[in-house]
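I have placed the structure first, in the form of structure tokens, so that the comments after it can refer back to it.
Read-outs: derived from the displayed coordinates by stated rules, not from any lab. All of these numbers come straight from a predicted model, not from anything done at the bench. FYI the Cβ positions are ideal-geometry reconstructions off the backbone, even for glycines, and counts take in every protein chain you see.
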Amino acid sequence: MKLSRLLLCIIIIMVFLCTGCYDIRELESIAIVTGIAVDSTQHPNMIKFSVQIAKAEAIAGKGGGEKGGGSGQNSPVMMMDATAYDLEDALHSLRHDNSRELFLHHNQVVIFGKALAKQGIGSYLDALLRGHESRLEVPFVVADGDAKEILETELELEKISAVGIQRMIRHKAEISKLFGTNMLLFAAKMMENTASSVAPIIKVMDEEKTKRLSLTGLAVFKDDKMVGELNEPQSRGFAWLMGKIKASTITIDTKKGKAELEIISSSSKIKPNFNDGQKLDIKAEIEGFFDITELRGYENIEMEELLDLLVRMTKQEIQKLIMSCFKTCQNLNTDIFSFGEYIRRHHPNQWEKLRPRWDDIFPAINLSLEIDVTIEDTGKISLPPNLKGEKA
Amino acid sequence: MYTFLNKKLRYMLRQKEDEAQKKQPDNEEKLITGNLTADLELIREMMGTSSDIKVHEFKYGENSSQKGALLFIDGLVNNDVVTQSILKPLILSKSLNNYQAGEMKNTLDIVKQTVIYSGDIVERHTIGELIEGCLSGDTVFLSEGFDKALVISSKGWDKREVSEPQTEPVVRGPREGFTENFRTNTALIRRRIKSPHLRMDHLTIGKKTDTNVCVVYLEGVANPDIVDTVKVRLKTISTDSIIDSGYIEQYIEDHPYSIFQTIGYSEKPDVIASRILEGRIAVVVDGTPFVLTMPMLFVESFQTAEDYYIKPYFASMTRLMRFFAFFLTVSAPAIFVALTTYHQEFIPTTLLLTIAAAREGTPFPAFLEALIMVFAFEILREAGLRLPRPVGQAISIVGALVMGEAAVSAGIVGAPMVITIAITAVAGFVVPDQNDAASILRLILLFLASVLGAYGLVLGFLGILIHLASLKSFGVPYNSSLAFLKNMQDSYIRMPLWTMTKRPESIAKGDIQRKQYNTPPSSEIVNNAGSMEDN
Amino acid sequence: MILILIIGFSAMLLIDLPRLIKAKQLRLFIVYGGIYVTAFTLWLLFLLRIPVVSPFTLLSDFFKHVLNISY
Amino acid sequence: MKTQKASITPLQFMFSITCFLRSSSLLSSFFAPISKTDSWLVVLIASVVCLPFLWAFIMLMKAFPGKNLIEINDAVFGRIAGKIISAIYLWFFLTLTSLNLRDLGGFVGKSIMLKTPQIVIITVFILLCAWAVSLGLDIVTRYSVVFVILSSIILVVTIAATSNHMRLSNFLPILRQPMKNIIQSTNIVSTIPFGELVIFLMIMPQVNIKPKKLGRYFLPGFFLGAFLITLVVARDIAILGNTITIFAQPSFETLRMVSFFEVLTHMEILFAILLIILFFFKISLLFYVSMLAMSYLFRLDSYKPLILPSAAIIVVYSLIIFKSKTKHLEVGRETAPFMWFIFEFLLPLLTLIIAYIRKLPQKEKDARSKEAASA
């Protein structure tokens, strides 16, 4: 029995030996990709695929020698790009002139150039979703102009600009969940039959000497082509209509004085009534809760009067924001509010009737709003200090 | 075929040896002849003339007509017992004088009953028994004309006094530990369990060393057939020497090929006593402070005596921490290697960059680096143990620090690897009982992780689990309590004492009931039950 | 690869032989031999890239085309 | 033939059923694309639909206490016919084992070990299962309780962690799709995860409990397992919504979305490890059952010598069973439900009916009572 037991152990070890390490990848043999930018080129169906790679020692600072900064050779990131017909070819061509294997797992952000977004990004998204190494919750941004340039701009606070961009998007998403989208949400929206989704736009603001990045507005997509843009107030209106705005503020400008109200929370309920299929009109009940953060002007005014004035003005402001956003979307004929999807989910049978003629129903929808504003709290002081005090 | 044949061969050889021994009459079997000088000559011939064997011839009895001899080993016996309570009464005893010289026949009985001041006197007939008694520290009294001899117990060599054991320091709880002396150890156990049912069956094992071994168990609680298997296995040990309980452990354990410990040992009487009360069987071996307890469960190596003396919350927390530490010490290097070489995506981005930076210059692949560090750590640990106490401590600390630092700055080994190995080393000491098994498992898992990455690691874990499940310690499944099947109260967490009303079923048979109510003493049921008994 | 196959199968034989002899049950020999040979031939065919139709696909095609019970 | 000694506790038996079902939760890639966002409802319907069949299993067991499936076949169908039906069952068990092995190879190959060939993954795995099986049923099923508790805790943790990606409106258009899809995926679910419980007929005599009470352990184990699968599928739908149709392994994709405190984000290694452990339990149980069936079919004393050669057969069978992954999916969706339906449900039902026609249970009962009287 002893001999066979010994033999068994040898064989098991041998089996493991011959399995060998197929999947081994030493840390020095991989190039960690932190950001991806895809741009269109002059040639109609060629794309420029640029990749931001993090250089390990520069970031770890090797004992804090020279800090990152500076665009010289010791900058913590390195750009590489390749032009090819589609993503896969680009990735392969990048491999030829690269001493290390591309490691896409830690990719922080995917940026599409505006020109390319206009031509349609469906096929590139497909390559990213199908690949094993790409993650679904990676944020996805449209660059206003050239995507590569966005990746190249240095951010003072962050060593790696891609990580910086990702943090900017997440910070912006705190205002409203709708402002930041990732691969999965975008793919999910594309698969809805009234497919139109929204992606944040990133711009390079070049002041005198330094370049700065800023996230303003939303790009509107129909299927996978970018058809329009929403500026900052319109995107706020979009967030209001969907009842998903949390953090930002509303400025009220009246004869009596200006006021800044901070939004605590908002919610919206959509009540479509179909009047048997011809014309669809949607009633949206929107509710907003606010805090007063700043009051300027408003001499000698009573508290109740002030509050009524503020409530009335906020309602108008919200009404204005929502209507401007809704109008632009209607003439772009893009249902970014996913009314279609809502009807499909909650009223399936009406949806059968509406679906074939949706493209001409949507522009004709008339939206009626019912806004209810409550001002929760006035902060530490109630009335502005500039009262002269003669009021008893 | 081959193994079968040579086993047959060996068996025949052994039979030939046994017959050879039986033929020539061994002079141990010879009876004592009345003639004193002949007997002493025979004994001297058998025991040689080593310096510590003392033979004292003297005359005693009425006007010292009777010739006698005392045989003892200097150093083993307590000298004042020999002189004061044996020699002196024999020589001065008046009671012998007033007997007529003629009836010397029954003087041995008189000497035994009235003269010698000792409680433990035994009559012996054959030379072998005499020698055996003399070697184990008793004095032998021979007298002219009698074919019997008296063996008087006079053991008295200097023993180490009861002190705190080095291997199991404890914060709270009794601090006394066993010593090398057999009788002190049994006394220490007897002092803790004063029940008459505590049985101590005595055995001697080993042809040359003849060590005293005693099987200690609680009648009615310990499982009778486990007690029998233990005794049978102890009797069948046919080696010539038993120096330490470790010998016995390897001879009678269930799975000699397994790397896991299936027989528990401890140096502290309170641990041994609590295990005996749970239905286990303890084996006390002469000459070693380590007492064996069997059957042993895998979960026992994670239990320390202290767990039961402190409140259950902290005890359960440290118990869970010990499990995690054991997991860490076995798999930390393997996990590190698997993550850095196979699944880099698991490590967060910033950490991955720092590790990549740290490993930029190192020449070796992760697996080799880990292997070097693990062996370096093992060498350091061994050096720390083997050197005398103060020097040992210094060596292991200095060695670890200096070598680690130098290796990192010279760029041979990455800093994260040194940290992982340090964590493994420290975690290894949290579970001292399974330390040797852990260091072997560590190598196996490291090898698997380098060949197959996380997949190999999973297979390694499953392999260990299977092996643990297949082990049985004296018929009791080794790992059943960890698999949530039996006596759950005391495995992962320690339930409060008052809930543990039954002894572990897998071990104890007899009266399982350890305690009556599973409610805290302060609760009314116990109180009014108490009051009922009062009135 | 064939070499590894041969080593593997001979190792298997070496491990199981003592147990087979001890068992001394002829039926066990026959069954063991049968399985051993089929395993070896299947592996050989597989390693030589000869397409072997597995009974499972056979049955499923039978269900699909002949009885055309399928979704 | 050796009479089986009752080696596993009823608790072990119940939880091994749950663990068996829980380990096939990865198979949602078969029916998710068909029944889209109603897959969780399909699992519930399937568990109700196959209740009568499970009841048939329990009746079969009560009718022949102490006998496993092969012995029951011999008793009911006589020697020759019984042998043939047992041979069919044996082929069914072997195919199940190799199918699951192929699933495992596919899963590991796609999730954590990209470039390692399938042969290596599968051979190493089957060696481990062979070692576990050679040690007996008690070792194979001992950790079922631990695995179930561990996997349920991790399931709850993943649900909590991915709740920020969840959108409950993904469930909404309930049962708005054609009935054909619903029927097809119910059939798939009731045969692949739930129908495979027929293998427990083989190990029932080894549970040390009176056969009458075994039903009290069989059904709760089944319900717990079915509930866990529903939870898994519901979690996938809540996160992926209608994109569930395009993913090859939906439940693995959701696990990639789990993130704690934005630092530990790519956690799918841990979940892959858990799924591999569950796969190990399922495959070693299936392997054990096929070995048991083989040893009873050929009336051998013990199955231990047969382990290694049949392991080799299973490995090569799993490599050549399908030409490609797509064929595997296609067969799994279209024809497998019907084939398995026959093996898992019709055959046991047939045996039960014939047994009652031939009034075997009465003979069995008075044989049992005679034995009790004489003992």
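Assorted remarks:
- Of interest is the spacing of the C-alpha centroids, which for the range B:236-268 and the range A:30-49 amounts to 69 Å.
- For the range B:232-373, taking the reciprocal of the average inverse distance between every pair of different Cα atoms yields a Kirkwood hydrodynamic radius of 19.2 Å.
- Around the Cα centre of the range B:182-296, unit charges on the Cβ atoms of Lys, Arg, Asp and Glu (plus for the first two, minus for the last two) sum to a dipole of about 420 debye.
- CD proxy at 222 nm, helix term only [per DSSP H run n ≥ 4: -39500 (n - 2.57); per residue of chain C; nearest 500]: -24000 deg cm²/dmol
- Cα-projected label distance for B:THR83 with C:ILE6, points at 7 Å along beta-carbon direction, nm: 8.6 nm
- Shape of the range D:264-375, Cα gyration tensor, a/c cut at 1.5: prolate
- Helical contribution to [θ] at 222 nm, DSSP H n ≥ 4, -39,500 (n - 2.57), averaged over chain A, rounded to 500: -10500 deg cm²/dmol
- Modelled FRET efficiency - R0 60 Å, A:ILE264 with B:THR519, Cβ distances, 0.05 increments: 0.75
- Note on chain B: dipole from Cβ charges, positive end direction compared against B:ILE259, B:PHE58, B:LEU445; the farthest Cα belongs to B:LEU445.
- Working note: 222 nm ellipticity from helices only, DSSP H runs with n ≥ 4, each -39,500 (n - 2.57), summed and divided by the residues of chain D, gives -23000 deg cm²/dmol to the nearest 500.
- Summary value for chain B: 12 percent relative contact order, contacts being C-alpha pairs under 8 angstrom separated by 6+ residues.
- Listed residue pairs exceeding 19 Å between alpha carbons, taken from A:LYS255/A:LYS315; B:LYS54/B:LYS88; A:LYS177/A:LYS211: A:LYS177/A:LYS211
- Rounded FRET efficiency, nearest 0.05, which uses the C-beta distance separating A:GLN316 from A:THR374 and R0 of 22 Å: 0.85
- Placing pseudo-labels 7 Å out from each Cα toward the beta carbon at B:VAL171 and A:GLU57 gives an inter-label distance of 4.7 nm.
- Note on B:VAL430, D:VAL156, B:VAL221, D:VAL198: ascending count of other Cβ atoms within 10 Å places them as D:VAL156, B:VAL430, B:VAL221, D:VAL198, the fewest first.
- Of all aspartates and glutamates in the structure, the ones whose alpha carbon falls short of 17 Å from that of D:LYS359, not counting any fewer than 8 places away in one chain, are D:GLU71, D:ASP74.
- Against chain A, whose longest principal axis comes from its Cα atoms, helix A:2-19 is set at around 60 degrees.
- Comparing A:GLY217, A:GLY113, A:GLY131 in a Gaussian network model of chain A (Cα springs below 10 Å), the most mobile by mean-square fluctuation is A:GLY131.
- Charge dipole (the range D:10-374, unit charges on Cβ, about Cα centre) - positive-most of D:PHE13, D:SER134, D:LEU300: D:LEU300
- Local electrostatic count at D:SER324 - Lys and Arg +1, Asp and Glu -1, tallied over other residues with Cβ under 12 Å: +3
- Among D:PHE218, D:PHE322, D:PHE125: highest mean-square fluctuation, GNM of chain D, C-alpha pairs under 10 Å: D:PHE322
- Chain D: relative contact order as a whole-number percent, Cα under 8 Å and 6+ apart: 40 percent
- Orientation-averaged projected area, Cα convex hull of the protein assembly as shown (nm²): 78.6 nm²
- Per the Kirkwood formula applied to alpha carbons, chain B shows a radius of gyration over Rh ratio, Rg over Rh, of 1.09.
- Virtual paramagnetic centre 7 Å along Cα→Cβ of B:ALA529, amide N under 18 Å, in the range B:218-237: none
- In degrees, nearest ten, helix B:389-410 long axis to first principal axis of chain B (Cα): 20 degrees
- When only the Cβ of Lys, Arg, Asp and Glu is charged (+1, +1, -1, -1), the dipole of chain A relative to its Cα centre reaches about 620 debye.
- Cβ-based charge dipole, the protein assembly as shown, positive-most Cα from B:ALA357, A:ILE202, B:THR340: B:THR340
- Those residues of the range A:108-127 whose amide nitrogen sits under 15 Å from the label point placed on A:ASP86, 7 Å along Cα→Cβ: A:120-127
- Comparing Cα centroids, the range A:83-127 and the range A:338-366 end up 36 angstrom apart.
- In order along the range B:434-443, the phi-based Karplus estimate (6.51 cos²θ - 1.76 cosθ + 1.60, θ = phi - 60°) of 3J(HN,Hα) comes to 9, 5, 5, 4, 5, 5, 6, 4, 4, 5 Hz; Gly and Pro are listed as x.
- Unit charges on C-beta of K, R, D, E only; dipole of the protein assembly as shown, Debye: 4280 debye
- Rounded FRET efficiency, nearest 0.05, which uses the C-beta distance separating B:LYS207 from B:ASP74 and R0 of 22 Å: 0.35
- Residue-wise HN-Hα coupling along the range D:191-198, computed from phi with Karplus coefficients 6.51, -1.76, 1.60 (Hz; x: Gly, Pro): 9, 6, x, 7, x, 5, 5, 4
- Of A:LYS118, A:LYS255, A:LYS353, the residue with the greatest mean-square motion in the GNM of chain A, using alpha carbon springs below 10 Å, is A:LYS255.
- Stokes-Einstein diffusion coefficient of chain D, Kirkwood radius over Cα pairs, 4 °C, 1.567 mPa s, in µm²/s: 61 µm²/s
- Degrees, to the nearest 10: A:303-332 long Cα axis against longest axis of chain A: 50 degrees
- By the equivalent-ellipsoid construction on the alpha carbon gyration tensor, the range B:312-473 comes out with semi-axes of 25, 23, 15 Å, ordered largest to smallest.
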